[in-house]
Every structure is written in C-alpha cells, then in structure tokens.
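*Asks:* Please find one structure pasted underneath; my questions will follow.
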Amino acid sequence: ATPTALMVGTGRGAKMGILIKNGEVLEKVNDVDTVVFDKTGTITVGKPEVTDIVGDEKQVLSLAARLEAGSEHPLALAILAEAKKQQIDLASVKDFQAVSGKGVQATIDNQRAFVGNNRLLDDASITDELNLRMKQLQKEAKTVVLVGQQKQVIGLIAIQDTPKETSAKAIAALKSRGLKTIMLTGDNKQVAQAIADEVGIDEVIAEVLPAEKADKIHELQKNSTVAFVGDGINDAPALTTADVGVAMGSGTDIAIDAGGIVLVKNDLRDVDTALALSKKTFGRIK
Ligand code: ADP
Ligand code: MG
C-alpha cells in the first residue's frame with residue numbers, strides 16, 4: 001500500500017475509535033488467523049459481584065474482606081463491596097501478601113489466613129462437602145474463592161462476572177471470517193469453559209499464571225499469526241508478544257502502552273472492524 005493509503009486506513013480507524021499505532025500494525029492485522037482473548041474485563045464486563053457465600057456467611061465474608069482490603073483485583077473489589085453492603089468492619093491484618101494468579105494471604109491471630117484459588121491452599125485442607133459445592137458453583141460460570149485460616153478452608157465465596165453484551169457478536173463475526181478464537185485466562189477451567197460456551201469461543205486455555213500468558217502466545221505463534229486482546233497489567237507481556245496486540249481503551253495504562261491497537265469504545269466488535277480496514281488497505285494489492 002502507498003503511504004497515502006496507510007494514512008487513509010489509520011485515519012479511518014481513528015475516526016471509528018480504533019487507534020492503530022502505525023502502518024506496520026495495520027498491515028499485520030491482515031495476516032491474523034487466530035484471535036486470543038483475555039477473559040476478565042475483555043470478554044466480560046469486569047465488574048464481578050458476589051452471588052453465593054458458603055459456610056458461616058458473616059465469618060467467611062469478614063475474614064475474606066479483611067484480607068482483600070489490600071488488593072485491587074476485581075475479585076477483591078467484589079468481596080469488599082459485599083462486605084460494605086453488609087456493614088462489616090474490617091480489622092487490619094499483618095504480613096499482607098498478594099500472590100499473583102492465586103490470591104492473597106496474611107497473618108491473623110498468629111496463623112496464616114488466605115483467600116484465593118486452590119493453588120494457594122498449601123498444606124491447608126478442604127472438606128469433601130465444600131469441594132463439591134465449589135464444583136457445582138463453577139459449573140454455573142461462577143469464580144469460586146476459598147477462604148481459610150488455621151490450615152482449614154472455612155468457606156467459599158462465589159463471584160460472577162457476565163459477558164459484555166457485544167462479546168458473542170464479536171466472536172461470531174471473527175469466526176465467520178474463518179478465524180480461530182481462543183480464551184486465555186488465569187481463572188478455573190470450568191468457569192472459563194462456561195463463559196466461552198456463552199459467547200461461542202472455540203478453545204479455552206485456563207488456569208494460566210500471569211507470567212505464563214506470553215509463553216502461551218509464543219507457542220501458538222509456531223503455527224499461526226496471533227492477535228491478543230486484553231486489558232490488564234498482567235496482559236502487557238502477551239500484548240507485546242502477539243503479532244498484533246489489541247488493548248481495551250478502558251484497560252490499564254500499561255496495557256494501552258503495550259498494544260499496537262487501542263479500542264477506544266471498548267467494543268470487541270471493533271477487532272473485526274480493524275480486520276476489515278486492513279483488508280481494505282492491503283487486501284487487494286498483494
Ligand atoms: P484473569 O486471567 O481472569 O484476569 P488473574 O490471573 O488475575 O485472572 O487471576 C486468576 C485467579 O487467581 C483468579 O480467578 C482467582 O482464583 C485468583 N486470584 C487472583 N487474585 C485474587 C484475589 N485478590 N483474591 C482472590 N483470588 C484471587
Ligand atoms: Mg483482564
């Protein structure tokens with residue numbers, strides 16, 4: 001394409017709220033055959049809410065909220081909002097520690113207390129009953145966090161985040177172009193699959209630690225040209241590794257910097273619009 005055609009292409013994108021960093025990015029979009037999506041905040045709204053508390057509700061919620069007070073994770077915000085709604089006071093904790101992709105822990109009454117997924121259990125145990133409840137809730141597309149102290153899980157909190165209204169349409173548009181769609185998330189397999197089914201995503205790669213997201217992209221690149229769409233700080237390495245990194249405009253500054261394309265309107269359908277734009281600019285000339 002001529003420099004003029006490139007300027008026309010990126011200019012047209014900008015008018016539609018699709019910021020494309022340069023002509024090279026626009027050209028690369030034309031080669032993409034696989035689109036990988038982060039889940040929370042990208043496919044889903046990213047404002048999860050507490051739906052179920054299993055165990056002694058007040059005790060479970062107050063322990064979890066005390067621990068989550070130091071975290072800015074969307075799951076933490078959901079738990080804190082519920083605690084506020086129930087007017088629970090948050091006593092402070094010692095040795096607060098956020099464990100990436102797992103949860104948070106701290107010392108309470110000289111014992112380790114924790115809230116997070118089962119990778120955070122260590123030597124703590126969970127009853128068969130709670131384990132069963134956890135699996136049931138996960139089948140309902142709810143993210144379940146375990147709340148524990150003194151080497152025992154004392155309860156569960158189920159948290160639900162719903163897909164954005166436009167996610168299913170966006171996925172359908174990409175699939176009708178013959179592209180493969182994949183979800184890449186740190187969340188549990190069952191939950192990720194339930195949400196993938198709701199929006200029609202082809203494949204799920206779940207329970208991936210934040211540090212491993214870029215490695216997974218790299219693996220996929222052996223056989224495909226990959227676009228990655230994400231919004232979080234965690235997503236930055238995957239955004240730069242992908243052939244085309246697409247950041248949501250509502251995402252963190254770090255994600256936006258890492259992206260070659262920014263979707264100002266946070267509308268996933270704009271991934272398909274960017275593809276159409278690239279095809280128009282480059283498609284016929286090759
Ligand atoms: P995603 O890829 O969906 O953005 P993350 O990598 O941020 O997910 O988190 C993965 C998983 O780690 C969560 O589903 C949850 O089980 C656990 N987790 C992370 N941070 C927290 C927290 N502050 N409180 C509870 N659980 C957490
Ligand atoms: Mg996210």
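The values are calculated or read from the model by the stated rules, or taken from the named source; none is laboratory data. Owing to the predicted nature of the structure, the values given are computational and were not obtained by experimental measurement. Here the Cβ positions follow ideal geometry from the backbone for every residue, glycine too, while neighbour counts run over all protein chains shown.
*Asks:* Of the residues that sit in the stretch 199-241 and are within 26 Å of GLU165 (Cα to Cα) and more than 15 Å from ligand 1 (Cβ to nearest atom), which one is surrounded by the most Cβ atoms within 10 Å (Cβ to Cβ)?
*Replies:* ALA227
*Asks:* On to the next question. Residue by residue through the stretch 66-99, note down the ones that are within 20 Å of ALA158 (Cα to Cα), away from ligand 2 (no atom under 16 Å from the Cβ), surrounded by 13 or more Cβ atoms within 10 Å (Cβ to Cβ) and among the polar types (S, T, N, Q).
*Replies:* Scanning the stretch 66-99 gives a single hit, GLN86.
*Asks:* A follow-up question, please. Cβ-Cβ distance below 6 Å, separation of 6 or more or different chains: which pairs start in the stretch 128-144 with a residue that is in a helix (DSSP H, G or I) and surrounded by 20 or more Cβ atoms within 10 Å (Cβ to Cβ) and end on one that is polar (S, T, N, Q) and at pLDDT below 95?
*Replies:* Cβ pairs passing all conditions: GLN138/ASN188; GLN138/GLN190.
*Asks:* Moving on. Would you confirm, using the coordinates I've provided, whether ALA64 is within 13 Å of ligand 1 (Cβ to nearest atom), touching a Leu at 6+ places or on another chain (Cβ under 6 Å), outside the structural domain of LEU220 (by TED's automatic domain parsing) and more than 24 Å from MET183 (Cβ to Cβ)?
*Replies:* no
*Asks:* With (1) free of Cβ contacts under 8 Å to residues at least 40 places away in the same chain; (2) within 13 Å of THR143 (Cα to Cα); (3) assigned to a loop (DSSP other than H, G, I, E, B) as the list, and GLY46 as the residue in question, which single condition is left unmet?
*Replies:* GLY46 satisfies every listed condition except (1).
*Asks:* In the stretch 83-102, is there at least one residue being under 25 Å from GLY232 (Cβ atoms), away from ligand 1 (no atom under 13 Å from the Cβ), of a type outside the set (A, V, I, L, M) and part of a helix (DSSP H, G or I)?
*Replies:* Yes, the stretch 83-102 has at least one match.
*Asks:* Across the stretch 8-27, what is the total count of residues that are touching a helix residue (DSSP H, G or I) at 6+ places or on another chain (Cβ under 8 Å) and in a helix (DSSP H, G or I)? Before you say what the answer is, go through the steps one by one.
*Replies:* Initially, the stretch 8-27 is screened for residues touching a helix residue (DSSP H, G or I) at 6+ places or on another chain (Cβ under 8 Å), giving 8-10, 12-13, 16-20, 22-23, 26-27.
Imposing the further condition that a residue be in a helix (DSSP H, G or I) reduces the set to 8-10, 12-13, 23, 26-27.
Total meeting the criteria: 8.
*Asks:* In the list VAL208, VAL229, which residue meets the criterion of being within 16 Å of the chain's Cα centre (by Cα) and part of a loop (DSSP other than H, G, I, E, B)?
*Replies:* From the options VAL208, VAL229, the qualifying one is VAL208.
*Asks:* May I pose another question? Does the stretch 159-175 contain at least one residue that is under 19 Å from GLU57 (Cα atoms), acidic (Asp, Glu) and over 15 Å from the mean Cα position of the chain (by Cα)?
*Replies:* Checking the stretch 159-175: not a single residue is under 19 Å from GLU57 (Cα atoms), acidic (Asp, Glu) and over 15 Å from the mean Cα position of the chain (by Cα).
Residue-wise test of (1) touching a Ser or Thr at 6+ places or on another chain (Cβ under 6 Å); (2) over 22 Å from ASP33 (Cα atoms).
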position	(1), (2)
VAL145	no, yes
GLY155	no, yes
ASP161	yes, yes
ASP197	no, no
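*Asks:* Under the condition of being within 17 Å of the chain's Cα centre (by Cα) and part of a strand (DSSP E or B), which residue from the stretch 249-268 is surrounded by the fewest Cβ atoms within 10 Å (Cβ to Cβ)?
*Replies:* Checking each candidate, the answer is VAL262.
*Asks:* Within the group LYS39, LYS28, which residue is buried (at least 17 other Cβ atoms within 10 Å of the Cβ), away from ligand 2 (no atom under 16 Å from the Cβ) and basic (Lys, Arg)?
*Replies:* Going through LYS39, LYS28 in turn, just one is buried (at least 17 other Cβ atoms within 10 Å of the Cβ), away from ligand 2 (no atom under 16 Å from the Cβ) and basic (Lys, Arg): LYS28.
*Asks:* If we keep just the residues of the stretch 168-188 that are part of a helix (DSSP H, G or I) and in contact with an Asp or Glu (Cβ under 6 Å, 6 or more places away or on another chain), which is surrounded by the fewest Cβ atoms within 10 Å (Cβ to Cβ)?
*Replies:* ALA173
*Asks:* Follow-up question, since we're still on this one. May I ask you to list the residues in the stretch 28-43 that are away from ligand 1 (no atom under 12 Å from the Cβ), part of a loop (DSSP other than H, G, I, E, B) and of a type in the set (D, E, K, R)?
*Replies:* Listed by number, the residues that qualify are ASP31, ASP33.
*Asks:* Shifting gears a bit: Tell me, please, whether a residue that is closer than 19 Å to ASP231 by Cα and of a type in the set (Val, Ile, Thr) can be found in the stretch 22-29.
*Replies:* Taking every residue of the stretch 22-29 in turn, at least one turns out to be closer than 19 Å to ASP231 by Cα and of a type in the set (Val, Ile, Thr).
*Asks:* Let me ask something additional. Scan the stretch 43-74 residue by residue and report those that are at pLDDT below 95 and aliphatic (A, V, I, L, M).
*Replies:* Selection gives VAL45 alone.
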